[in-house]
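S.K.: Starting off with a structure, shown below.
The values are calculated or read from the model by the stated rules, or taken from the named source; none is laboratory data. Since this is a predicted model, take the numbers as computed values, not measurements. Note that each Cβ is placed from the backbone with ideal geometry, even for glycine, and that neighbours are counted across all protein chains shown. In case anyone asks, the SASA skips ligands and DNA or RNA and just uses the protein heavy atoms, side chains included. Shrake-Rupley method; radii C 1.70, N 1.55, O 1.52, S 1.80 Å.
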Amino acid sequence: MTWLLDRARTLALAGSPSARTLVIDFDGVIHDQFDGWRGGDLYGPPIPGAVEALHRYFRGGWHIAVVTARDESHHAKIRAYLEEHTGLPVVVSERRHAYWHGPEILVTNVKPGGVGYVDDNGVRFSVAAGGWATALAGLPASPNDVLRPVKEAIRESGVKDTELLLTADERTRLQVLLAGVKPAGNAVVADLTRAVADIQGHDHPNWEDLFCGNLTSWAGERAGYLLARLLLREEEVERLRAQLAELTKSPSERANDRVRTLRASGDVEGAIAAAEAFAAEQAAEVANPRL
């Protein structure tokens, strides 16, 4: 990552107050928020390598600010989380810091100046790499179009609203579109249900439209996680159906399946042996019928 070292050197040579500070996001970078928001609980373990990185750079002399989008009511528990898992000194400051040079790790929701910003959702802007022509490449101009490929894939597959299960091909298409998306946990599903109820279940004056708009955006951001959970449930249903079909097969059907599988794999002798074994079992059954 030579650009980061180049930036550090540039700031150091210029005597910038940002030259010795690292700014690090909390959720998704230090705290593994693997099951979504969950009401703001800090339920996940540290991301692998996070504690070691904090120790390395803090002990090395860097000033560290942990930045979060959470409001001030969450800052004390973030401090407790960091102290518990790192053993390093952590402070929450009510002041707004343009720069951070303190002897502790700072918890804040105001981004101070720094050499770099470590963020799981960060987009690096570089004029040399294309500037605005490439910075947001691939992102639709409207958030309403983010899920359009998913909807089109479902529509093109011919699935009908009355069909309760996706086909194997439909599941494959969604798996490609949702690559890397973790399935929603129960807390996300419950939170989403409450959000939908809040959107639909009350009258409000026009000035409160922004509230409903925020809820709609919040719900839309979690649609991918719900679709990933849907795929897991669909695959489980398909697996159980296959098991049920296997259990309800007659002995002759299972024997024929075994013979076909062996033949398809090129094991002709095995197929013949399986057919002969089944014939022998049938003959024994005829000679000695079960009561």
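S.K.: Which one of these does PRO48 not meet: (1) of a type outside the set (S, T, N, Q); (2) in contact with a strand residue (DSSP E or B) (Cβ under 6 Å, 6 or more places away or on another chain); (3) part of a loop (DSSP other than H, G, I, E, B)?
M.R.: (2)
S.K.: Quick check on region 100-108. Is at least one of its residues open to solvent by 90 Å² or more (accessible area, probe 1.4 Å) and assigned to a loop (DSSP other than H, G, I, E, B)?
M.R.: Among the residues of region 100-108, at least one is open to solvent by 90 Å² or more (accessible area, probe 1.4 Å) and assigned to a loop (DSSP other than H, G, I, E, B), which makes the answer yes.
S.K.: Further question: Does GLY61 satisfy the criteria of being surrounded by 11 or more Cβ atoms within 10 Å (Cβ to Cβ) and of a type in the set (Gly, Ala, Ser)?
M.R.: The answer is no for GLY61.
S.K.: Can you confirm whether ARG38 is over 16 Å from the mean Cα position of the chain (by Cα), open to solvent by 30 Å² or more (accessible area, probe 1.4 Å) and of a type in the set (D, E, K, R)?
M.R.: So ARG38 does not fit the description; no.
S.K.: Further question: For region 138-176, which residues satisfy the criterion of being at pLDDT below 70 and of a type in the set (D, E, K, R)?
M.R.: Residues satisfying the conditions are LYS151, ARG155, GLU156, LYS160, ASP161, GLU163.
S.K.: Out of curiosity, is ARG96 part of a loop (DSSP other than H, G, I, E, B), under 22 Å from LEU4 (Cα atoms) and modelled with pLDDT under 90?
M.R.: no
S.K.: What are the pairs with Cβ atoms under 8 angstrom where one residue, in region 56-76, is under 14 Å from HIS101 (Cα atoms) and touching a residue at least 24 places away in the same chain (Cβ under 8 Å) and the other, located anywhere, is open to solvent by less than 50 Å² (accessible area, probe 1.4 Å) and part of a helix (DSSP H, G or I)? Sequence gap at least six, or different chains.
M.R.: ILE64/LEU54; ILE64/PHE58; VAL66/ILE78; VAL66/LEU82
S.K.: Could you give every pair whose Cβ atoms fall below 6 Å, whose first residue belongs to region 26-46 and is over 15 Å from ALA80 (Cβ atoms) and without any contact (Cβ under 8 Å) to a residue 60 or more places away in the chain, and whose second residue is open to solvent by less than 30 Å² (accessible area, probe 1.4 Å) and in a loop (DSSP other than H, G, I, E, B), counting only separations of at least 6 or pairs across chains?
M.R.: From residues that are over 15 Å from ALA80 (Cβ atoms) and without any contact (Cβ under 8 Å) to a residue 60 or more places away in the chain, the pairs are ASP32/GLY44; GLN33/GLY44.
S.K.: (1) out of contact with any strand residue (DSSP E or B) (no Cβ under 7 Å at 6 or more places or on another chain); (2) modelled with pLDDT under 95: which one isn't true of GLU84, the others all being true?
M.R.: Going through the list (1) out of contact with any strand residue (DSSP E or B) (no Cβ under 7 Å at 6 or more places or on another chain); (2) modelled with pLDDT under 95, GLU84 breaks only (2).
S.K.: Additional query: Could you pull out the residue among THR21, THR2 that is hydroxyl-bearing (Ser, Thr, Tyr), open to solvent by 30 Å² or more (accessible area, probe 1.4 Å) and more than 23 Å from the chain's Cα centre (by Cα)?
M.R.: THR2 is the lone residue from the list that is hydroxyl-bearing (Ser, Thr, Tyr), open to solvent by 30 Å² or more (accessible area, probe 1.4 Å) and more than 23 Å from the chain's Cα centre (by Cα).
S.K.: Taking interchain pairs and intrachain pairs at least six residues apart, which have beta carbon atoms under 9 angstrom, with the first residue in region 121-140 and in contact (Cβ under 8 Å) with a residue 12 or more places away in the chain and the second among the polar types (S, T, N, Q) and in a loop (DSSP other than H, G, I, E, B)?
M.R.: ALA135/SER126
S.K.: Now for a different question. Can you find even one residue in region 237-260 that is surrounded by 10 or more Cβ atoms within 10 Å (Cβ to Cβ), modelled with pLDDT of 75 or more, touching a Leu at 6+ places or on another chain (Cβ under 8 Å) and under 24 Å from ALA184 (Cα atoms)?
M.R.: There is at least one residue in region 237-260 that is surrounded by 10 or more Cβ atoms within 10 Å (Cβ to Cβ), modelled with pLDDT of 75 or more, touching a Leu at 6+ places or on another chain (Cβ under 8 Å) and under 24 Å from ALA184 (Cα atoms).
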